[in-house]
């Protein structure tokens, strides 16, 4: 069952990152599938997720702000390798809470 609203998303994303689970989310009205890599706070203190999007509105790195995520769900599918160009020191984040 999907969970909605940003405060409840953080533990789901932390688990998805730790277990390398692919996630499904609805963001700005579009359904997307992504490989979550980093959860953290940007320089303004906004909670954000850096993920490699594999389906939805194209493929590639995306920064999703959790307060704009409408729906989030873990899948039972795992990813084994980091996505191309993964940077564990992503400069988008002032503080990292969880990373692969």
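Going by how many other beta carbons lie within 10 Å of each one, how would you line up 97, 81, fewest first?
Starting with the residue having the fewest Cβ neighbours, the order is 81, 97.
For the chain, what does -39500 (n - 2.57) per DSSP helix run (n ≥ 4), summed and divided by total residues, give at 222 nm, in deg cm²/dmol to the nearest 500?
Per the formula, -4500 deg cm²/dmol.
Based only on other Cβ atoms within 10 Å, what is the fewest-to-most ordering of 42, 19?
19, 42
Could you tell me which label, among [x] 16, 46, 25, 11, 2; [y] 17, 56, 26, 1; [z] 12, 38, 34, 13, 2, carries the value of P(r) over Cα pairs in 10 Å bins from 0, in percent calculated for this structure?
Identified label for the calculated read-out: [y].
Cut-off is 10 Å between beta-carbons; in what order do 26, 32 appear when sorted fewest neighbours first?
Ascending number of Cβ neighbours within 10 Å: 26, 32.
Quick note: the coordinates plus some simple rules give every number you see, no bench work behind them. These numbers come from a predicted model, not from an experiment. Because the Cβ atoms are built from the backbone with ideal geometry, glycine has one as well, and the counts that use them run over all protein chains shown.
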